[in-house]
Amino acid sequence: MAKIIGGIGASHSPTIAFAKDTNKHNDPAWAPIFEGFSHIQNWVKTNKIDTLFMIFNDHITSFFFDHYSPFTLGFDDAYVTADEGGGARDYPAAKGHVALSQHIGHALVADEFDISFFQKKPLDHGFFSPLSMIADDANLGWSGTVVPLQVGVLQLPIPNAKRCYKLGKSLRKAIESFPEDLNVAIVATGGLSHQVHGERCGFLNEAWDEEFLDLLESNPEKLTQMRLAEYAELGGMEGAEVIMWLIMRGALSDQVNCVHRSTYAPSMTNIATVIYEDTGAPATPEDIDRYRQHIHYELDGAQNLEGTHPFTLEKSQKAYRLNHFLHQVIVPEHRARFIDDLDNLMQEYQLTQTEQDMVRQRKWIEMIHYGVTFFVLEKMAPVVGWTNPEVYASMRGQSLEEFQKTRKVSMQYSVAGGATAKALDR
Ligand SMILES: [Fe+2]
């Protein structure tokens, strides 16, 4: 059974990655940063941590304002470094624990958190700055696995401190009900006090930071009652990202043992490293059983409906490559090559032989069984001259005529627009 061994708090300022990449270990101005992180590195090693649940915010790198979500859980098998403008860091990808991500995703949604999910997104310094300092191998990176939770804190409104704390409580139950034997640490990143924009940029409040750390350890409930405006006033507007630390604290039991705590404010951010060991009792087998049933309550049985194939995180991860390839037909150039240069195009997207055959031979139902969502099939259909009813008929193993007899009115239609729509109006 997975077990939460403890919680880690660490700032994620780009300074940290910069210090590491430019080898500032022995420079007195930078050494305290390495000193702080060395405690975390040792603790993680000593406690044989397998998986780091990383709570961070992206800095408008991979998560832009075209679709901005409050809580976004990664469920990928690998996470690479993002290019934040000056080129990506030369640092190894982090290995994702896909099954744990999926389990936590199901659990949080069952607990009524409207989580978003991501795959194939490079991650920025919010994630990799602290991870590269915690990693047990300087060159090979973190040898264990990760589950990333991106919290959108940079476009207001955002979830409040209390919501973060409650999410942490559910996260605890989710992890404790995961069947694999894993030592998990919850890593909260960000903060402490800082402000990087506007006339107030450079604001720091070390006294508040110490008080925040005191309260986080012994009276987190008090922190959940604070409004975002109060966090901004005391710790700077960007420093208000410390509400993410309440997710970590919520995932620990009431009683924790702080085995390391340090802060260092050399420039713009008060850089903190803290470690809390979880001293609470683990969940009972009865609690775990009950929670597992709760997680699966909504979907239980849907997978047994005849001819029904619910599109789950599991399918989405497994069949991402093919879904992505088919989704790309919304781009005119891809669509044109889909018609004129399909073999080369499929090879460029590294589709397997099975995947290529299904596309080439219009194996609609096989693609559904494989994990393709219908909603990219109906995008592919007009590109290859099929209407929706023709795809429906094929999936049911019928001729178009047989299928139309099962409808009140015989109709042909498609999601295509313009000239393609007119051509398919037959
Ligand atoms: Fe941040």
Condition broken by V259, with the remaining ones in (1) more than 16 Å from the ligand (Cβ to nearest atom); (2) in contact with a Cys (Cβ under 6 Å, 6 or more places away or on another chain) satisfied: (2)
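Could you pull out the residue among I49, I40, I4 that is modelled with pLDDT of 95 or more, under 14 Å from S129 (Cα atoms) and either β-branched (V, I, T) or within 16 Å of the ligand (Cβ to nearest atom) (or both)?
Values: I49 fails: under 14 Å from S129 (Cα atoms); I4 fails: under 14 Å from S129 (Cα atoms).
Going through I49, I40, I4 in turn, the sole match is I40.
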Quickly run through segment 303-361 and pick out the residues that are surrounded by 13 or more Cβ atoms within 10 Å (Cβ to Cβ), among the polar types (S, T, N, Q) and part of a helix (DSSP H, G or I). S316, Q317, N323, Q328, Q356
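On the given criteria, is S129 touching a Gly at 6+ places or on another chain (Cβ under 8 Å) and either β-branched (V, I, T) or outside any loop (DSSP other than H, G, I, E, B) (or both)?
So S129 does not fit the description; no.
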Mind checking which residues of segment 51-68 are surrounded by fewer than 16 Cβ atoms within 10 Å (Cβ to Cβ) and either of a type in the set (S, T, Y) or touching a Lys or Arg at 6+ places or on another chain (Cβ under 7 Å) (or both)? Y68
Which count do you get for residues in segment 208-246 that are within 16 Å of the ligand (Cβ to nearest atom), among the small types (G, A, S) and under 13 Å from N160 (Cα atoms)? 2
If we keep only residues of segment 183-200 that are surrounded by fewer than 24 Cβ atoms within 10 Å (Cβ to Cβ) and farther than 24 Å from A78 by Cα, then the residue farthest from the ligand (Cβ to nearest atom) is E199
Is it the case that some residue within segment 20-33 is outside any helix (DSSP H, G or I), buried (at least 16 other Cβ atoms within 10 Å of the Cβ) and of a type in the set (S, T, Y)? no
Return the residues of segment 17-37 that are more than 22 Å from the chain's Cα centre (by Cα) and either within 16 Å of the ligand (Cβ to nearest atom) or touching a residue at least 24 places away in the same chain (Cβ under 8 Å) (or both); say none if nothing qualifies. F18, K20, D21, A29, W30, P32, I33, F34, E35, G36, F37
Please determine whether any residue of segment 250-266 is under 22 Å from the mean Cα position of the chain (by Cα), among the hydrophobic types (A, V, I, L, M, F, W, C) and within 30 Å of N42 (Cα to Cα). yes
Which residue pairs have Cβ atoms under 9 Å apart, sit 6 or more places apart or on different chains, and have a first residue in segment 228-248 that is on the phi > 0 side of the Ramachandran plot and a second that is among the charged types (D, E, K, R)? G236/R200
Filter segment 145-182 for residues that are more than 16 Å from the ligand (Cβ to nearest atom), assigned to a loop (DSSP other than H, G, I, E, B) and not hydroxyl-bearing (S, T, Y); which is surrounded by the most Cβ atoms within 10 Å (Cβ to Cβ)? F178
Exactly one of (1) modelled with pLDDT of 95 or more; (2) farther than 30 Å from P382 by Cβ is unmet by D254. Its number? (1)
Restricting to segment 357-366, count the residues that are more than 14 Å from V391 (Cα to Cα) and without any contact (Cβ under 8 Å) to a residue 12 or more places away in the chain. 1
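The values are calculated or read from the model by the stated rules, or taken from the named source; none is laboratory data. Computed from a predicted structure; not experimentally measured. Positions of Cβ are backbone-derived with ideal geometry, glycine not excepted, and every protein chain shown enters the neighbour counts.
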